[in-house]
Amino acid sequence: MRVGPKPQALVQRKRGALCLLVSRLVLTVSAPAEVRRRVLRPVPSWMDRETLALADRHFRGLGGGVPGIGQAPGRVAFVSEPGAFSYADFVRGFLLPNLPCVFSSAFTQGWGSRRRWVTPAGRPDFDHLLRTYGDVVVPVANCGVQEYNSNPKEHMPLRDYITYWKEYIEGGYSSPRGCLYLKDWHLCRDFPVEDVFTLPVYFSSDWLNEFWDALDVDDYRFVYAGPAGSWSPFHADIFRSFSWSVNVCGRKKWLLFPPGQEEALRDRHGNLPYDVTSPALCDTHLHPRSQLAGPPLEITQEAGEMVFVPSGWHHQVHNLDDTISINHNWVNGFNLANMWRFLQQELCAVQEEVSEWRDSMPDWHHHCQVIMRSCSGINFEDFYHFLKVIAEKRLLVLREAAAEDSAGLGFEQAAFDAGRITEVLASLVAHPNFQRVDTSAFSPQPKELLQQLREAVDATVAP
């Protein structure tokens, strides 16, 4: 559930000049890519012909629109039996309508983390965690300090954080240091051979981590761990990705708002709230539209249960017990258009913020892309390379007309993916700001890749 600061927060005016605050990049040495790919390879995500046809009809009917706008359902759906719920069921019930759901603990009962990280009493096994990971340096947020719409982080050895956690419990869940929360720990990147979890088939079409694994630089697989009372402020997930979250132990309370409802929660300056439970939202002078917002969809997530958070759903999460969770952000063909729309909005926000330098700054459009990358972690050039990496793998499957490739990707899945990439890439190539990007060194050229995709997609529907 990693999020970044808003573009406006990273652009400051100082003595008539442009001052950029660029986050520090921290690189961690990890195992070789071939090891990670072997251990973290997804199980097959078979999309059958019927589901492919359904998905294609759905997106043609949208006409470029984004699903998931409107009122929250009355309650979250609960999926109890793994054997009675297929990938096709997940597509029809939740991916296409962009709705949340909770999977029962039966889906995660075989996970190594649930066996090893938890005591017989259902609490975090601090002794095991110290023996296994005690010297690992982890990121820790201070829940009591607001930094933009997030919390400032520090890094410390896990053993120091666990010492703090024990003292926090002994102090009646209070400490002069505040409430500290271990967040965004890339455990699977740094320990890829660990038996931590088995990727559920429903989430195996994961382009975000497929892309970063190919680059061997980063990933969007995280461990969170913190005491009762630790929490994550109101946000939507990075790039408007999907996310899934499993409580290895403990319970969480989720407050979710469907896409669009967050607009009524903005204050009179246009800012989203930091805490949707704050009494300040009742101040109609500060939040003039808050009464128009519907109530959030509430979930109490028990130990072992798995929450699916749809694309663009803003949410706030509170740990009700001492809790450890595993969380992934992921993008695929079902929310790729949401990601592209979000990136366009991010660039517009940057351009508006630095508009007064448009005529005086050389290469103003290029600088906007640089600022966008520092704010959002990706710009239009990076987005093209993301699409290219995924597209070339799908084209290989389609050209060979293989039943499955080495990663277990089915032909129908590849056909669906290629169709979604084609639609979004066409929009990217036609975008005036992408046309200003220097693509002379790109291989293949964007229009060439688009033509390859169109031919491959046409071949999948040819009689």
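The table for this structure:
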{"read-out": "Cys101 accessible area, 1.4 Å probe, all protein chains in place, Å² to nearest 10", "value": "0 Å²"}
{"read-out": "Accessible area of segment 291-374 belonging to carbon and sulfur atoms, whole % at 1.4 Å probe", "value": "48 percent"}
{"read-out": "Trypsin sites (Lys or Arg not before Pro) within segment 146-212: DSSP coil, no more than 14 neighbouring Cβ in 10 Å", "value": "Arg177"}
{"read-out": "DSSP-assigned coil residues among trypsin sites (Lys or Arg not before Pro) in segment 210-297, each with at most 15 further Cβ atoms within 10 Å", "value": "Arg268, Arg289"}
{"read-out": "Charge sum, other residues only, whose C-beta stays under 13 Å from Trp111's C-beta, Lys/Arg counted +1 and Asp/Glu -1", "value": "0"}
{"read-out": "Exposure of Ser150 as accessible area (Å², to 10), given a probe of 1.4 Å and all protein chains", "value": "40 Å²"}
{"read-out": "Where segment 199-256 is the region considered: accessible area per residue in Å², 1.4 Å probe", "value": "18 Å²"}
{"read-out": "Relative contact order computed over the chain (Cα-Cα under 8 Å; 6+ residues apart), in percent", "value": "21 percent"}
{"read-out": "Karplus (6.51, -1.76, 1.60) ³J(HN,Hα), θ = phi - 60°, over segment 273-281, in Hz, Gly and Pro reported as x", "value": "x, 7, 9, 6, 9, 6, x, 4, 5"}
{"read-out": "Dipole magnitude (debye, nearest 20) for segment 106-330, charges at Cβ of Lys, Arg, Asp, Glu", "value": "420 debye"}
{"read-out": "For Thr300, solvent-accessible area (1.4 Å; no DNA, RNA or ligand), Å²", "value": "70 Å²"}
{"read-out": "Exposure ranking of Cys282, Cys188 by accessible area [1.4 Å probe, largest first]", "value": "Cys282, Cys188"}
{"read-out": "Average accessible area per residue (Å²) across segment 335-461 - probe 1.4 Å, nucleic acids and ligands excluded", "value": "45 Å²"}
{"read-out": "Most positive-pole-ward Cα, Phe94, Ala349, Gln291, against dipole of the chain from beta carbon charges", "value": "Gln291"}
{"read-out": "Relative contact order, percent, segment 106-330 [alpha-carbon distance under 8 Å, six or more residues apart]", "value": "27 percent"}
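The values are calculated or read from the model by the stated rules, or taken from the named source; none is laboratory data. Worth saying up front: this structure is predicted, and the values here are computed from it rather than measured. Positions of Cβ are generated from backbone atoms using ideal geometry, with glycine treated the same way; all protein chains shown enter the neighbour counts. What goes into the accessible areas is simple: the full protein's heavy atoms, side chains included, and nothing from ligands, DNA or RNA. Shrake-Rupley method; radii C 1.70, N 1.55, O 1.52, S 1.80 Å.
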